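Since the structure comes first, as structure tokens, the remarks are kept for the end.
The values are calculated or read from the model by the stated rules, or taken from the named source; none is laboratory data. Just so you know, these numbers come straight off a predicted model, no measurement behind them. Please note: Cβ atoms are built from the backbone with ideal geometry, for glycine as well, and neighbour counts cover all protein chains shown. We work out accessible area using only protein heavy atoms, side chains counted, and drop any ligands, DNA or RNA first. Shrake-Rupley method; radii C 1.70, N 1.55, O 1.52, S 1.80 Å.
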Amino acid sequence: MEHAHHEHGDEHDGAHDPGHDPGHAPGHHDHGSAHPPAGGKVTWGAAARATLHCLTGCAIGEVLGMVIGTALGWGNVPTMILAIILAFVFGYALTLRGILAAGVDFRSAVRVALAADTLSIAVMELIDNGVIALWPGAMDAHLADPLFWIVLAIALAAAFVITVPVNRWMIGRGKGHAVVHRYHH
């Protein structure tokens, strides 16, 4: 199956699929060792870049969800649920953008994005929302309160620090952002 190859994406030499040469995909740039094949050495920098990519989508979704929930007068739980949903949507959307720009069809791009980002976003959201939920007063802070922004920044930083090793482990096994390295930049 084509998507099974992308999920492992670690042994492509062009011989198995002559119509698909990731080295010549539109918009492809060689990232060298940024995302090595499974079993290869993964740098902390590569893991940090993958995590920062997910963090960007998560932060956009989180803030947008909180703004919408607050503007609509929703309580904490529905607002947090919306923020989490939007974090996944924006996290996947950033990955999809790069894969679609490389000329991959939408269905395949969705499969690659799901394989690449689900665990990373889930860990990030668990940590981020856990910090916010446990921080005294953070759940009741409004967008105009400095406490809201301070705790959000701390929560996102904690999510980043904890998710980097997860992404490093996944990339080293040919999973996570390793499945999209030939497509997005």
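The string of couplings for region 139-149 from the Karplus curve (6.51, -1.76, 1.60, θ = phi - 60°) is 5, 9, 6, 9, 4, 7, 7, x, 4, 4, 6 Hz, one whole number per residue in order, with x for Gly and Pro. With the simple model of a label 7 Å out from the Cα in the direction of the Cβ, LYS41 to ALA158 spans 3.4 nm. Using a 7 Å offset from Cα along Cα-Cβ at HIS142, what residues in region 58-100 end up with backbone N under 12 Å from the label point? 70-71, 73, by backbone N distance to the label point.
Note on VAL123: accessible area approximately 30 square angstrom, rounded to 10, probe 1.4 Å, nucleic acids and ligands left out. Across region 97-110, computed HN-Hα scalar couplings (Karplus, 6.51 cos²θ - 1.76 cosθ + 1.60, θ = phi - 60°) run 4, x, 5, 5, 5, 7, x, 7, 5, 4, 4, 5, 4, 5 Hz from first to last residue, x flagging Gly and Pro.
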